[in-house]
Amino acid sequence: MNAFKDHCRQTLGSIREQGRYRVFTPLRKRADGFPYYARPDGSRVLVWSSNDYLAMGGHPVPVNAACEAARSMGAGAGGTRNISGTSPVHDDLEAELASLHGKQAGLLFTSGYVSNQATLAAILNSLPNGPAHPFHVFSDAKNHASMIAGIKGSRAVVHIFRHNDVGHLETLLRAAPPGAPKLIAFESVYSMDADIAPIGAICDVAEKYDAMTYLDEVHAVGMYGPNGGGVSERDGVAHRVHIIEGTLAKAFGCHGGYIAGDTEIVDFIRCTAPGFIFTTSLPPMVAAAALASVRHVRSDHARRTKLFERASALKARFDAAGLPRIDSVSHIVPLHVGDATLCMQVSQRLLNEFAMYATPINYPTVARGEERLRFTPGPLHTDAMMDELVQALTAIIPLERRQAA
Ligand SMILES: *Cc1c(COP(=O)(O)O)cnc(C)c1O
């Protein structure tokens, strides 16, 4: 016990030295004031790095749905899906999500993290071609920790392909045993790099080598595609992706995760994945809020248009001010800093001197030397807020850092 505590202290010491110690900033979200949050002393802070991308978290449609559901069904589900934890709202939400992605079935999880971990582990531990032929999984080098958790915990043979590199993926697929079951796991929008996977090209090689495709659309659902079905909808390739995974906690502003796919596959996960079976289902009030949000967002095309217009506006302002923006083809606007300590300092000064908050992104989330601040402007970030942000950043970030970019 004492030896372990010593170990904790030493590890924390070295994490601190590397500027990687995690300090949470207490900020109270305000449903009616978003993107302004409140600090404990009541002063307001303009937040630039919420994953509530479409400002749906405080929108009256999900908020009212949650309040009504809490009054009528209570605060918690009271059981797993099997143990009286399935309400009509859970079923309706699964049907809505399946329809959003043009799939036969949907399945809810308590978070996006759990959906990835539980689904990938259940698939990769299965042996459709017998014990002599374990799954081979092909995983993008920049996949999220939740996918890695499902992959690492499984008996699959793991191949990592270079980020978004279809040529490298094909080389690995070609070298794998032809008789082995195969699965390609990747994301659409990568939120730290702000780039987007070539989904159609990945489906081409998947079909050529008879591999299944598993796509994490967490940073795209609600925002991309004519109805918010994600990049796979935008690119017209959703029908070629076998399993689409998403979250209700980012653009939909609520909580929970899900998968959508063919009935047999979804039903298999429902009946075999421990991370689905052995945990209390989402509170009905959360499911009701999410259902209301998904229905609203599907038809609120103006909200999507506004998100992308706001992202372009911030990118243009950063460029005009010579701020070293990292190239982005998505709604995310990363700013290069390149040093863990400086990254933390810029974030702290933004907060302390300018009452604005942007998350510093450090190792191990990104490689050393690639430290950055990540901005996620949304429909409610105004031109005036952006001008204020650019003024603050140019005051904080040394001129030579800006010119070096
Ligand atoms: C946030 C995130 C998840 C997890 O979703 P939660 O609903 O927050 O658990 C999964 N994948 C990616 C790529 C993410 O960024």
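No value in this document is a laboratory result; all are computed from the given coordinates. The shown structure was predicted, so the numbers you read here are calculated from the model rather than taken from an experiment. Virtual Cβ from ideal backbone geometry, glycine too; neighbours counted across all protein chains shown.
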Fill in: Share of alpha-carbon pairs per 10 Å distance bin for region 135-209, given as whole %
19, 55, 25, 1
Response to the item:
Residues whose modelled amide H sits under 5 Å from the amide H of Met212, counting only those 5 or more places away in sequence or on another chain, are Lys182, Leu183, Ile184
Worksheet entry | 0 to 90° range, to nearest 10: angle between helix 112-125 axis and the chain longest Cα axis | 30
Practice prompt. Would you kindly derive the ³J(HN,Hα) couplings of region 309-323 from the backbone phi angles with the Karplus curve 6.51 cos²θ - 1.76 cosθ + 1.60 (θ = phi - 60°), listing them in order in whole Hz, with x for Gly and Pro?
Written response: 5, 5, 5, 4, 4, 6, 4, 4, 5, 4, 4, 4, 8, x, 7
Worksheet item: What value, in deg cm²/dmol to 500, does the helix sum -39500 (n - 2.57) over DSSP H runs of n ≥ 4 give at 222 nm once divided by the residues of the chain?
Response: -13000 deg cm²/dmol
Discussion item. On C-alpha positions alone, give me the angle between the axis of helix 88-100 and the longest principal axis of the chain, in degrees, nearest 10.
Written reply: 80
Response to the item:
Eigenvalues of the alpha-carbon gyration tensor of region 48-197, times 5 and square-rooted, give semi-axes in Å, largest first, of 35, 21, 13
Worksheet item: Along the charge dipole of the chain, which of Ala105, Val231, Gly275 sits closest to the positive end, that is, farthest toward it, with unit charges on the beta carbon of Lys, Arg, Asp and Glu (+1, +1, -1, -1)?
Response: Gly275
Worksheet item: So for the chain: antiparallel DSSP bridges make up what percent, rounded to the nearest 5?
Response: 55
Discussion item. Quick check: convex hull over the Cα atoms of region 207-274, volume per residue in Å³, rounded to an integer?
Written reply: 99
Item to complete: Please tell me which of these pairs span more than 18 angstrom C-alpha to C-alpha: Lys29/Lys250; Lys182/Lys250; Lys182/Lys208?
Response: Lys182/Lys250
Worksheet, complete the sentence: Binned at 10 Å starting from 0, the alpha-carbon pair-distance distribution of region 303-405 in whole percents comes out as 15, 51, 31, 3
Worksheet item: What is the order of Asp235, Asp32, Asp387, fewest Cβ neighbours within 10 Å to most?
Response: Asp32, Asp387, Asp235
Worksheet, complete the sentence: Out of Phe109, Phe138, Phe354, a Gaussian network model of the chain with alpha-carbon springs under 10 Å gives the largest mean-square fluctuation to Phe354
Discussion item. Taking a ≥ b ≥ c as the square roots of the Cα gyration tensor eigenvalues, with a/c under 1.5 meaning rounded and otherwise prolate when a/b beats b/c, else oblate, which class fits region 275-352?
Written reply: oblate
Worksheet entry | Fluctuation leader among Phe318, Phe375, Phe278 - the chain, Gaussian network, Cα springs under 10 angstrom | Phe278
Discussion item. Bin width 20 Å, origin at 0, all Cα-Cα pairs of the chain: what percent of pairs per bin?
Written reply: 26, 56, 18, 0
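Give me the extension gain from Arg44 to His301: residue separation times 0.36 nm, minus the current Cα-Cα distance, reported in nm with one decimal.
Numbers: separation 257, 0.36 × 257 = 92.52 nm, distance 3.01 nm.
Length gained, Arg44 through His301: 89.5 nm.
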Worksheet entry | Shape metrics for region 173-296, restricted to C-alpha atoms - Rg then Dmax, Å | 15.6, 49
Item to complete: Give me the number: length gained by fully extending Asp339 to Leu127, i.e. 0.36 nm times residue separation minus the C-alpha to C-alpha distance, one decimal in nm.
Response: 71.8 nm
Worksheet item: Going by alpha carbons, how many degrees (0 to 90, nearest 10) lie between the helix axis of 2-17 and the longest principal axis of the chain?
Response: 60
